[in-house]
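What follows is a set of notes on a single structure, which appears directly below.
The values are calculated or read from the model by the stated rules, or taken from the named source; none is laboratory data. Remember, it's a predicted structure, so these values are computed and weren't measured experimentally. Note that we place each Cβ from the backbone using ideal geometry, even for glycine, and neighbour counts take in every protein chain shown. Calculation scope for accessible area: heavy atoms of the full protein, side chains included, ligands and nucleic acids excluded. Shrake-Rupley method; radii C 1.70, N 1.55, O 1.52, S 1.80 Å.
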Amino acid sequence: MKKFLSLVLALVMTMSLVTVSAGAKGFSDNSKITYKEAVDVMSAVGVIDGYTDGSFNPTATLTRGAAAKIICNLILGPTTAGALVADAAPYKDVPTNNTFAGYIAYCQKEGIISGYADGTFKPANTLTGYAFMKMLLGALGYDASREGYTGANWSISVGKRALNAGLADGLVGDFNGVKAVTREEACLYAFNMLQADMVEYEKNSTITVGNVTVTDNSAAKSKRWSSSSVNDGNIDSKGGDGYVQFAEEYFNKLVKTETTDDMGRPATKWTNKGDKIGTYADKANQTYYNNVKLGNIYSDLGMTQKDEHATVIVNGVEATDVVVSKNNDRKISSSSANDGLVGDGSIVEVYYDEDDNHVTIVVADVYVGEITSKETKAADPYVVVDSKLQM
């Protein structure tokens, strides 16, 4: 009986951490998708889609040809990219009638992809994390030859730049560049790329006088809007930072907004062409499944200075009479009645804003309901629950 109730409570706790996204693509295997926000956004803008049976198949590996299609959809948009054709075979194993020939030809022409030394591209082969990151960096404006993304040890240069640019942010576990990329990992990396700054080179000239060649090159730097743009602020959280994020350039109707979800958790809302894609709760810095002392929260967060104005939200409503800055050895409680706000079936999620040294404590009740009666002597013991699910 205890095991059964524990399983039910664990299930409800898991459900409480998920924000249902109105307007998101309803794949038949949504429950198997780890990077839901990334997949929803990438499918909403038409960069990647599911299969004819309605599934997304998140763990299937990405092929090199499919990766070229994703890059073209990102740069050109799915409509224009879908009309691409190859006038001549871009590689000897990619004839003009290959499904991905147009995409591969475009990426080759733009210097975003390269084939093998034997003149092949192997479009049906799987793609490593390093190889896909190299393609995404090329789409952002990084020059492969100038950045060392070709020749020996190219993967080291690619991996360093990709991680610094945040292209692997949100990945579960460490980035393994030699492993084949799955479809949902590709969505995550491309999703991060949408929010990354595009780059440009201010100096790129070569002058030859006689036998002397002088090259004047500069390092890649974040591209800035030449003038105030209506798109600036669509993606960067501060509402206009002057820099060109990829989505601001190529998906100017895609808007990212900082908000809170129904439970009061810090969250991100995505819309495209005015239609809501979904609202996605941020990942908590700390999570507790029982009452916790405020001093322990501050300690777990590594805070050297206590927050004098910490916010406590209980089931979506801010609790204004909660003790949060005094007596840090106390558990979360009401200052007026000294009642515990965290009970059985509660989750405590803590969000820490390092810039403002501000802590938001979200308490969510996830109990199934109230047990109204029980039968312990029967052959199969059971309880009767008055369902009042809180999430």
Matching residues in region 115-127 (surrounded by fewer than 18 Cβ atoms within 10 Å (Cβ to Cβ) and of a type outside the set (Asp, Glu)) number 8
Residues in region 139-190 that are in a helix (DSSP H, G or I), more than 24 Å from residue 60 (Cβ to Cβ) and open to solvent by less than 60 Å² (accessible area, probe 1.4 Å) total 4
Picked from region 326-364 (must be open to solvent by 30 Å² or more (accessible area, probe 1.4 Å) and in a strand (DSSP E or B)), the residue modelled with the highest pLDDT is 352
Practice task
With respect to residue 49, determine if the residue is surrounded by fewer than 17 Cβ atoms within 10 Å (Cβ to Cβ) and at pLDDT below 90.
Solution key: yes
Here the residues within region 253-264 that are open to solvent by less than 70 Å² (accessible area, probe 1.4 Å) and in a loop (DSSP other than H, G, I, E, B) are 261, 263, 264
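One line per residue, one yes/no per condition, for (1) out of contact with any Asp or Glu (no Cβ under 7 Å at 6 or more places or on another chain); (2) modelled with pLDDT of 85 or more; (3) of a type outside the set (A, V, I, L, M):
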{"position": "174", "(1), (2), (3)": "yes, yes, yes"}
{"position": "180", "(1), (2), (3)": "yes, yes, no"}
{"position": "184", "(1), (2), (3)": "yes, yes, yes"}
{"position": "190", "(1), (2), (3)": "yes, yes, no"}
{"position": "194", "(1), (2), (3)": "yes, yes, no"}
{"position": "200", "(1), (2), (3)": "yes, yes, yes"}
{"position": "204", "(1), (2), (3)": "yes, no, yes"}
{"position": "209", "(1), (2), (3)": "yes, no, no"}
{"position": "213", "(1), (2), (3)": "yes, no, yes"}
Restricted to region 232-252 and to residues being part of a loop (DSSP other than H, G, I, E, B) and open to solvent by less than 30 Å² (accessible area, probe 1.4 Å), the residue nearest to residue 140 (Cα to Cα) is 244
Inspect region 2-22 for any residue being modelled with pLDDT of 95 or more, open to solvent by less than 80 Å² (accessible area, probe 1.4 Å) and touching a strand residue (DSSP E or B) at 6+ places or on another chain (Cβ under 9 Å) and give the result as yes or no.
no
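Yes/no per residue for (1) of a type in the set (Val, Ile, Thr); (2) surrounded by 14 or more Cβ atoms within 10 Å (Cβ to Cβ); (3) modelled with pLDDT of 90 or more:
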residue	(1), (2), (3)
272	no, yes, yes
275	no, no, yes
281	no, yes, yes
284	no, yes, yes
297	yes, yes, no
302	no, no, yes
309	no, no, no
312	yes, yes, no
